[in-house]
Each structure stands twice: as structure tokens, then as C-alpha cells.
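Working notes for the structure below.
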Amino acid sequence: MTDLFSKFDALIAQREGLLATGVKDPFSLVMEEVKSPTVAVVNGKETILLGTYNYMGMTFDDDVIAAGKKALDEFGAGTTGSRVLNGTFQGHKECEDALKEFYGMDHAMVFSTGYQANLGIISTIAGKGDYIILDIDSHASIYDGCKMGDAEIVAFRHNDVEALEKRLKRLPADAGKLVVLEGVYSMLGDVAPLKEMIRVSKEAGAMVLVDEAHSMGFIGENGRGVAEEQGVLDDVDFVIGTFSKSVGTVGGFCVSNHPKFEIMRLVCRPYVFTASLPPAVVACSAASIRKLMHNKNKRAHLWENSKNLHQGLRDLGFQLGTPNAQSAIIAVVMPDLEKGAAMWAALLENGLYVNLARPPATPAGMTLLRCSLCAEHSSEQVADILNRFERAGKAVGII
Amino acid sequence: MTDRSEMFDRLKGLIEPFNKKGVEVVETTTFAGDLEWDSLTVMDFVAEVEDSFDIIISMNLQAEIENVGQLVDAVTKLSAA
């Protein structure tokens with residue numbers, strides 16, 4: 001008998017090798033208590049959280065929690081059904097209404113996760129004979145959406161407008177085309193030149209989908225994301241987003257002005273063939289989305305945190321993924337996986353949690369310590385974070 | 001036959017800058033196995049070939065191309081279209 005698991009042997013060996021060096025397993029951490037959006041107890045120790053996607057700190061917002069408790073009492077623990085059968089409650093409609101208002105768009109569709117939103121929309125709208133043109137550094141959910149559908153997939157170099165334009169021009173003029181972009185790329189925290197990319201896409205007659213998962217609530221005048229910031233939101237055909245970052249819950253969505261958009265509810269399999277979000281989750285999400293519309297001061301403080309952390313880490317001598325702070329993600333580049341894991345563990349020892357990211361999630365085979373800031377991090381916490389980075393970096397020999 | 005060997009030579013020329021191990025390139029040379037290219041190298045190489053021939057090699061098609069001979073066939077077909 002062929003052991004179907006033998007294909008994982010190389011990964012198993014790499015993991016055992018890493019653990020044999022004495023570092024704690026970076027991929028099985030448990031948050032024993034969560035005290036606030038920025039502090040948890042890990043291994044019995046109070047730890048500053050700098051590796052969550054809780055950009056706007058909405059997880060413990062009083063109004064958000066109150067809305068969830070009320071929905072739990074009034075609508076129960078779960079929906080036990082698909083959105084198209086018994087699983088659309090009042091809360092799901094209210095959540096979609098909040099999204100329509102947030103983005104100023106005609107249609108909104110809520111999925112059970114952000115992953116499913118990409119999977120469903122991409123695989124459904126681009127079919128046989130159509131083309132999907134995507135950035136090579138796209139998120140796994142985008143690639144999986146491509147794999148699930150029947151379209152031809154064409155990749156172009158990360159954030160390279162010219163490479164995108166050349167490829168678009170080589171495709172048959174009359175073929176259906178979907179260009180898939182992200183506002184903020186989550187590994188390095190860099191922003192896409194959406195304005196130019198959308199211009200060349202529209203010139204080639206393509207529809208454009210932008211995943212704004214890491215920019216919602218924070219980037220742009222109204223927190224609508226990078227497309228808003230660059231003044232091109234009206235040219236975006238589909239915005240994909242998630243509730244598991246700035247919104248602070250779980251779930252995914254697509255908003256659009258396409259006049260036929262509602263048909264997606266019947267043809268999109270990752271929407272139809274799964275249970276809908278629990279009532280408490282959609283109630284929390286709707287409350288959070290409405291609050292995120294009016295959060296200028298929090299957005300300003302988050303930018304300040306991001307800029308201070310970027311500057312501070314650079315001054316300490318760390319190599320960073322971007323030349324300046326472009327989002328709430330600051331990626332610290334590690335020399336290799338072993339040093340990265342050691343640094344990760346040393347930071348945890350110093351009471352600081354960051355994300356350890358490694359291939360295949362990362363571009364160019366990099367090992368990254370990914371820091372994501374929260375609007376609820378105080379300026380003192382950011383100073384404290386820098387001190388901990390300095391201590392750990394010196395202990396591991398990276399700076 | 002001449003056409004095919006011309007195409008082979010042209011592609012071999014494009015492969016060489018990425019052939020860090022100095023592997024001998026023949027029709028049966030595989031990209032993953034013999035040349036040991038990772039996904040990033042594949043992407044850079046594909047972009048080179050696409051730009052040189054003004055074609056698109058979709059990821060669907062890339063998945064079916066394992067060796068140099070198959071690439072010669074694919075590029076010949078795409079260039080003729």
C-alpha cells in the first residue's frame with residue numbers, strides 16, 4: 001500500500017529539524033486569555049499582540065459585543081442552513097445593508113469567510129474561455145478560486161503595471177477578462193498602484209476585482225480601501241473583503257454595482273453549499289461596520305503607530321519589507337527560517353507576539369516576522385514593542 | 001526539422017541565464033527535476049519567453065509543460081496562432 005502521507009515527508013522532516021533546535025513550535029500557539037485587542041496571555045505570560053489582523057481594535061468594542069449578545073438571545077446560536085434556504089436571518093440582511101452603505105454600492109453579498117468570498121466570486125464569474133489575469137503574489141484564496149473555475153489563468157509580476165498591460169494586449173480582444181488585484185498585499189504590507197493598473201485593465205476591456213481585506217476600515221477617506229485612497233473605487237467592478245480583520249469578527253463579502261449581481265446568490269457554490277454565519281456574528285459585524293464609517297481619529301492614530309514602528313525598527317537596524325510604512329503591516333525580513341523561528345521565540349519570551357510567515361505564503365522564499373498594528377496600541381506600547389525587538393534581536397544576533 | 005531545432009536553440013538561449021547548475025539542456029531536460037527551478041525562477045523564465053515571443057503561456061498550460069521538448073512544442077504552437 002502506498003502511504004498517501006509520504007508526499008508530506010519533506011515538510012515533516014523540516015519541521016522536526018526546526019523543533020530539534022529547541023525553539024517552541026511557532027505554529028501551535030494558544031492564546032490562553034485575551035484581555036483586549038492588544039494583550040493576551042500566552043504560556044502563562046502577559047503578551048502584547050502585534051500579529052493579529054485586528055487593525056481597528058473592534059473585537060472588544062462595547063457596541064459590537066452588545067449587538068452580538070442581543071442577537072444570540074433573540075436568534076439563537078446558529079442558523080443551521082444555507083443563505084439560499086433557511087439561513088438568511090434579519091441580521092444577514094442588516095449586515096449586507098451596512099456594507100452597501102459603507103461602500104456606497106448597490107449590492108452586497110455576505111459569505112461565511114473571506115476565503116470563500118474569493119473562492120466563490122472568482123470561480124463563478126470567470127468561466128471556460130474567459131481569462132483571469134492576476135498578480136503573482138496573490139493570496140491563496142485567489143489562486144484557489146482560479147483553480148476551482150475553468151478560466152485560463154495568466155500571472156504577471158508583482159505590482160508591475162507594464163507586465164499587466166503587455167499580457168492584457170496579447171489576449172483575444174473579444175474574450176471575457178477578469179483582472180484580480182489586492183489593495184494591500186498581506187505579506188510585505190505593500191500597496192498596489194491600483195490607479196494605473198485599473199486604467200490599463202479598463203482600456204483592455206477587462207472587469208476588475210480588488211481584494212481590500214487588509215485596507216478596509218483604515219485606508220482611504222472613509223476607510224473603503226486603497227481604491228478609494230487612489231480615487232478609483234468607481235472603476236472597480238467587485239470589491240472583496242473580510243470581517244476577520246478591521247471588522248473584528250469572521251466572514252467575507254463582495255460588494256458591486258453590477259446590475260445583474262444578485263444572480264450570484266444562486267450560482268455561486270461556496271455561497272450556496274455551506275451554512276450561513278451565526279446570528280451573533282452578523283450582528284457584531286453590522287455594528288462594527290457602521291462604527292468603522294466614522295473613525296477618523298482611530299485611523300490617524302493607527303497611521304502614527306505604523307509609521308513609528310517602521311521608523312523605529314529601521315533605526316534599530318532591522319531589514320524591512322517596504323521602504324516606508326504603506327499599511328498597518330510592517331514585515332521584518334529574517335535571514336532564514338531558523339533565525340526567524342529563533343527571533344520569533346525570543347520575542348515571545350519578551351512578551352511580544354508577531355506572525356512568523358514563511359514560504360509558500362511569502363514571496364521570494366522569504367522568512368518574515370510580520371507585525372500588524374492596531375489602532376488600540378498606545379504610543380507607549382509601540383515604544384515598548386521596539387525595546388522588546390531590540391532585546392530579542394541582540395540576543396539572537398540579528399542586529 | 002530545421003524550424004524545430006531553431007526553436008529549441010532559441011529557447012535554450014533563454015534557459016541558459018537561469019541554468020545556475022550548468023545542466024546540459026536537451027529535449028528531455030525537466031524544469032523541476034533537472035534544472036531544479038523553484039516557482040519564482042519559473043515565473044521569471046516564463047515572463048522572458050512570453051516577452052520574447054509576444055505570447056501568453058497560461059498557468060493552466062504551464063502545469064502541463066514538464067520538459068524542454070514540451071516547451072518547444074507549446075511555444076511553436078502559440079507563436080503560429
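Please treat every number below as a calculation from the coordinates, not as lab data. A quick note: this is a predicted structure, and the numbers were derived from the prediction, not measured. Every residue, glycine as well, gets a Cβ built from its backbone with ideal geometry; the counts of neighbours run over all protein chains shown.
Compared with the rule-of-thumb size 2.2 N^0.38 Å for a compact globular protein, chain A has a Cα radius of gyration ratio of 1.00. Across the range A:61-292, the convex hull enclosing all Cα atoms gives 106 Å³ per residue. Working from the Cα coordinates of the range B:2-80, the gyration tensor eigenvalues give, after taking √(5λ), semi-axes of 17, 15, 12 Å in decreasing order.
Rounded to the nearest whole Hz, the Karplus-based 3J(HN,Hα) values (6.51 cos²θ - 1.76 cosθ + 1.60, θ = phi - 60°) of the range A:355-370 follow the sequence 8, 8, 10, 9, x, x, 5, 9, x, 6, x, 7, 9, 10, 9, 9, with x at glycine and proline. The trypsin sites (Lys or Arg not before Pro) of the range A:220-312 that DSSP puts in a loop, and whose beta carbon has at most 12 other beta carbons within 10 Å, are A:Lys260.
About its Cα centre, the dipole of the range A:61-292 is roughly 580 debye, where the only charges are +1 on Lys and Arg Cβ and -1 on Asp and Glu Cβ. Need the C-alpha centroid separation for the range A:138-217 versus the range A:72-116, integer Å. Cα centres, the range A:138-217 to the range A:72-116: 27 Å. Here the range A:281-299 and the range B:35-81 have alpha carbon centers that stand 47 Å from each other.
Shown in residue order for the range A:17-30 are the 3J(HN,Hα) couplings computed by the Karplus curve 6.51 cos²θ - 1.76 cosθ + 1.60 at θ = phi - 60°: x, 5, 5, 5, 6, x, 6, 5, 5, x, 10, 9, 6, 10 Hz (x for Gly and Pro). In chain B, Cα pairs under 8 Å separated by at least six residues give a relative contact order of 38 percent. Model label points for A:Arg157 and A:Asp235, set 7 angstrom from Cα along the Cα-to-Cβ axis, are 2.2 nm apart. Ignoring lysines fewer than eight residues from A:Lys93 along the same chain, the ones with Cα atoms less than 27 angstrom from its Cα are A:Lys69, A:Lys70, A:Lys245, A:Lys260, A:Lys291, A:Lys296. Taking the convex hull of the alpha carbon positions in the range A:1-134 and averaging its projected area over all directions gives 15.5 nm². Looking at chain B, which longest stretch skips every one of the trypsin sites (Lys or Arg not before Pro) that is in a DSSP loop with at most 11 other Cβ atoms within 10 Å, leaving the sites themselves out? Formally, the longest exposed-site-free interval is B:22-81.
Summary of the geometry: the range A:343-382 and the range A:309-328, compared by the centres of their Cα atoms, lie 12 Å apart.
With contributions of -39500 (n - 2.57) from each DSSP H run of at least four residues, the per-residue ellipticity at 222 nm computed over chain A stands at -12000 deg cm²/dmol.
Shown here for the range A:1-77: chymotrypsin sites (Phe, Trp or Tyr not before Pro) in loop regions (DSSP other than H, G, I, E, B) with at most 16 other Cβ atoms within 10 Å, namely A:Phe27.
Close amide-amide hydrogen proximity is noted between A:Lys177 and A:Tyr131, A:Met207, each under 5 Å apart and 5 or more residues distant or on a separate chain (H modeled in the peptide plane; Pro and chain starts excluded). With a 10 Å cut-off around each Cβ of B:40-51, the average count of Cβ atoms from other chains is 3. What the phi angles of the range A:144-151 give under the Karplus curve with 6.51, -1.76 and 1.60, with θ = phi - 60°, is a coupling list of 5, x, 5, 5, 6, x, 10, 6 Hz, glycine and proline written as x. Taking the charge dipole of the protein assembly as shown about its Cα centre, with +1 at Lys and Arg Cβ atoms and -1 at Asp and Glu Cβ atoms, the residue from A:Leu386, A:His92, B:Ser52 reaching farthest to the positive side is A:His92.
Close amide H partners of A:Glu182, meaning residues 5 or more places away or on another chain with modelled amide H under 5 Å apart, are A:Asp211. Past the 28 Å Cα-Cα mark, which pairs from A:Lys202/A:Lys307; A:Lys24/A:Lys307; A:Lys166/B:Lys77; A:Lys195/B:Lys12; A:Lys169/B:Lys21? With Cα atoms farther than 28 Å apart: A:Lys202/A:Lys307; A:Lys24/A:Lys307; A:Lys195/B:Lys12; A:Lys169/B:Lys21. For chain B, a simple Cβ point-charge model (Lys and Arg +1, Asp and Glu -1, everything else neutral) yields a dipole of about 60 debye relative to the Cα centre.
Among the GluC sites (Glu not before Pro) within the range A:176-260, those in coil by DSSP and having at most 11 neighbouring Cβ atoms inside 10 Å are A:Glu221.
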